[in-house]
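Student: Mind looking over this structure? Questions follow.
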Amino acid sequence: MMNQPDLPFVIAEPTGFGRGGYRNLAEKESSCGVTLSDVLSSQNMERAWKQVKSNKGAAGVDGMEIGDFPDFAKEHWEKILQKLADGSYSPSPVRSVQIPKGGGKYRHLGIPTVLDRVIQQAISQVLTPLYEPHFSDHSHGFRPERSAHDAIDEMLRESNIKGAKSHVVDCDLAAFFDTVNHQKLMGKLRERIADPALLKLILRYLKAGIIPSKLTREEREEERQVRNEGVPQGGPLSPLLANILLDELDHELEKRGHKFVRYADDFVILCWSLRAGERILRSVTKYLSNELKLTVNTTKSQVVKLRDASFLGFKIDRRKIWWTKKSQKKFKERISEITKRTRGHSPTKVLAELRMYVRGATNYYAKGMKYGEARELDQWMRRRMRLYYWKQWGRPRARRRKLLRLGIGRGEVHLVSRSRKGPWRISNNSIVRRAMTIEWLESQGLPSIEKQWCSIRYPNGKKRPTG
């Protein structure tokens, strides 16, 4: 018996894709490049579903979760496929959410429905091989086998060539994803895509409306905001479209002979002096405004010495990469939010959330983190969790019972459980630390920043954690 594909859709060629139908029409209109039929092929759609499924993610405006999608697709996919083929399919609006990014500011994300995420992913999979070979080597954001670490590594190499006296042009694009000009982006897409059906579908995704979260069904249509510009952050297609537009900037900077590094909409240009940097900033600002219809945030964009520049949460000083003070503050603030003693969640839930954040953030920041910093953060995080447990235990009787179970003698238990010291001071008490040891906390699921740092920086085990 043949294995059934993991794809839950009912796969069937829609009317118009048969002999002499839409497929042949597309081939006539696009003798080279990709077509909508490539996007909707069974193999490509199966890959797209697997990727969306592995990414998980929240529900869109229709409330459908990832787990609900297979049954929906089995019943409705054939009709949806037909609508995609004949050009009558209309994407659902995205659900707008706000993500805190520090300083009281928020980043706006647009979450598409699961169905639209699958279709966008299928488009991205077909377009990526078409555009990827032509992208600049100095672009690292949202590209296969490239990362933010590659971008900061390149910045380090270029700065070593220019020396300690080099300056950095830090150019900040104002609300880039919200201000992408649709006409300019579609013009860039038409340079390599000749299939009008595929271009029409992409444009419909660009113009899909936005609906704020937490609205009733009746309020949704009233609040739907039609997009005339911008690429909603949150969809699988958005990063690729952003790179396609900004690739023109990359090649312009290369043509001018500038040394630069770009990660998505964040980019820096290295130069020899303050005067040269100011001249470059003025010129690039004018180019972005006139050619790409993008706005530079003049209050944030600046020319600074290399040691004062920050890029992707890192800085370069004395030929080494360090994480910035701002990144350190953000790291600790997030841990403080998770372990806030008044949250009311069980320690098990708090530790699960803490593991998810700490592992991801440490993987990212370990590149610029000192060993001593990792140890200090571990000690501080352990104290935060001891504080959380102490507050969870509540009344003195419950605290005495817990401490006795953890091996503390009755005399010491009575002493500490009746203490009038505040919870933060108690969390550093020697009796409490002997009760909630490092080993006990780790057995409960507390991650170790120090151990993770060692495994990343010394994968062969040259440096050992000291506990």
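The values are calculated or read from the model by the stated rules, or taken from the named source; none is laboratory data. Computed from a predicted structure; not experimentally measured. Neighbour counts run over all protein chains shown; Cβ positions are idealised from the backbone, glycine included. We work out accessible area using only protein heavy atoms, side chains counted, and drop any ligands, DNA or RNA first. Shrake-Rupley method; radii C 1.70, N 1.55, O 1.52, S 1.80 Å.
Student: Using only the heavy atoms of the protein chains and a 1.4 Å probe, how would LYS200, LYS255 rank by accessible area, largest first?
Tutor: LYS255, LYS200
Student: Can you compute the modelled spin-label distance between SER419 and LYS56, with each label point 7 Å from Cα toward Cβ, in nm?
Tutor: Distance between the two pseudo-spin positions: 3.7 nm.
Student: Given the peptides 112-123, 390-401, arrange them by the average over their residues of other C-beta atoms within 10 Å, most packed first.
Tutor: 112-123, 390-401
Student: How large is the translational diffusion coefficient of segment 62-112 in µm² per second when you combine the Kirkwood radius over alpha carbon pairs with Stokes-Einstein at 25 °C and 0.890 mPa s?
Tutor: In µm²/s, the coefficient rounds to 180.
Student: On to the next question. What's the local net charge at ILE123, with K and R +1, D and E -1, over the other residues with C-beta under 13 Å away?
Tutor: That sum, taken over residues with Cβ under 13 Å, equals +1.
Student: Beyond 18 Å between alpha-carbons counts as too far, so tell me which of LYS259/LYS300; LYS162/LYS320; LYS325/LYS370; LYS315/LYS367 fall in that bin.
Tutor: LYS259/LYS300
Student: Compare the Cα positions of LEU40, TRP453, ILE244 along the charge dipole of the chain (+1 at Cβ of Lys, Arg; -1 at Cβ of Asp, Glu; about the Cα centre) and return the one farthest towards the positive end.
Tutor: TRP453
Student: Over the Cα atoms of segment 228-326, Rg to Rh with Kirkwood Rh, two decimal places?
Tutor: 0.98
Student: To the nearest 500 deg cm²/dmol, what mean residue ellipticity at 222 nm is calculated for the chain from DSSP H runs of n ≥ 4 alone, each contributing -39,500 (n - 2.57), summed and divided by the residues?
Tutor: Here the helix-only value at 222 nm equals -16000 deg cm²/dmol.
Student: Shifting gears a bit: Any chance you could look up the accessible area of SER443 with a 1.4 Å probe, heavy atoms only, rounded to 10 Å²?
Tutor: SER443 has an accessible surface of roughly 80 Å² with all protein chains in place.
Student: Let me ask another. Give me the percent relative contact order of segment 53-157, please, defined on Cα pairs under 8 angstrom at least 6 residues apart.
Tutor: 22
Student: Using the heavy atoms of the protein chains and a 1.4 angstrom probe, tell me the accessible area per residue for segment 186-340 in square angstrom.
Tutor: 53
Student: What is the mean projected area of the alpha carbon convex hull for segment 109-181, to one decimal in square nanometres?
Tutor: 7.2
Student: Quote the accessible area belonging to ARG95 in square angstrom, nearest 10, computed with a 1.4 Å probe and with ligands, DNA and RNA left uncounted.
Tutor: Counting only protein heavy atoms, ARG95 exposes about 50 Å² to solvent.
Student: Using the C-alpha gyration tensor of segment 267-420, what are the square roots of 5 times its eigenvalues, in whole angstrom, with the largest one first?
Tutor: Calculated on Cα positions only, the semi-axes equal 50, 17, 12 Å.
Student: What distance in nm separates the two pseudo spin-label positions at THR348 and LYS325, each 7 Å out from Cα along the beta-carbon direction?
Tutor: 4.3
Student: Right, something else. With +1 on the Cβ of every Lys and Arg and -1 on the Cβ of every Asp and Glu, and nothing else charged, how large is the dipole of segment 245-353 about its Cα centre, in debye rounded to the nearest 20?
Tutor: Around 800 debye, computed over segment 245-353.
Student: Loop sites only, by DSSP: take the GluC sites (Glu not before Pro) in the chain that have at most 14 other C-beta atoms within 10 Å and name the longest stretch containing none of them.
Tutor: Answer from the scan: 192-467.
Student: Mean separation of Cα pairs under 8 Å and 6+ residues apart, divided by the residue count of the chain: what relative contact order is that in percent?
Tutor: Result for the chain is 15 percent.
Student: When we measure straight from the Cα of LYS184, which lysines land under 18 angstrom away, once same-chain ones fewer than 8 places off are left out?
Tutor: Filter leaves LYS200, LYS207, LYS286, LYS293.
Student: Considering the Cα trace of the chain, what is its radius of gyration and what is Dmax, both in angstroms?
Tutor: 26.8, 90
Student: Ok, one more. For segment 226-303, with all protein chains present and a 1.4 Å probe, just round the carbon and sulfur fraction of the accessible area to a whole percent.
Tutor: 46
Student: Efficiency by 1/(1 + (r/R0)^6): what FRET value for TYR371 and GLU145, r their Cβ-Cβ distance, R0 = 35 Å, to the nearest 0.05?
Tutor: The calculated FRET efficiency here is 0.75.
Student: When DSSP beta bridges are limited to those with both residues in the chain, what percentage is antiparallel, rounded to the nearest 5?
Tutor: Close to 85 percent.
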